[in-house]
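Before any comments, here is the structure.
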Amino acid sequence: MPEIPLGIGPAGVLTAQAITRSRAARGFAQRQLAERVTALGRPMTITMLSRIECRQRRCDVDDLVAIAAALDVSPLTLLAETS
C-alpha cells in the first residue's frame, strides 16, 4: 500500500511564510536563493523552493538549515517568526 503524504501543519505554514519574507527582505529571487542553498551543499532547484514557499512540499530539517544559512539567519528565526 502506498504511503499517504503528511499534510503541512501550522508550524510548516508559518515557516514557509517566514522563508518567503526573509528571501524577499534580502532581495533574493527564488532562483538566487536556490543557487545559494545548492552552493552550500544542499542541492535545491527553484521548483523545490517554490513548492516549499507555496506549501506544496514539506521543508525538512536539512532544507531548513541550508535555507537559513543561505539567508544568513538562524533556523530558529525561520521557525519562530509568526507574522
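The values are calculated or read from the model by the stated rules, or taken from the named source; none is laboratory data. Note that the structure is predicted; figures quoted are calculated from it, not measured. Please note: Cβ atoms are built from the backbone with ideal geometry, for glycine as well, and neighbour counts cover all protein chains shown.
Computed quantities for the displayed model
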| read-out | value |
| --- | --- |
| Search result, residues across the range 54-83 that are in contact with a helix residue (DSSP H, G or I) (Cβ under 9 Å, 6 or more places away or on another chain), under 17 Å from residue 6 (Cβ atoms) and without any contact (Cβ under 8 Å) to a residue 40 or more places away in the chain | 54, 56, 57, 61, 63 |
| Number of positions in the range 22-48 that are closer than 21 Å to residue 10 by Cβ and not basic (Lys, Arg) | 1 |
| Residues located in the range 1-10, provided they are among the hydrophobic types (A, V, I, L, M, F, W, C) and loosely packed, with under 14 Cβ neighbours inside 10 Å | 1, 4, 6 |
| So residue 51, is it of a type in the set (Lys, Arg), modelled with pLDDT of 95 or more and in contact with a helix residue (DSSP H, G or I) (Cβ under 9 Å, 6 or more places away or on another chain) | no |
| Qualifying positions in the range 1-45 - modelled with pLDDT under 95 and farther than 16 Å from residue 68 by Cβ | 1, 2, 3, 4, 5, 6, 7, 8, 9, 10, 13 |
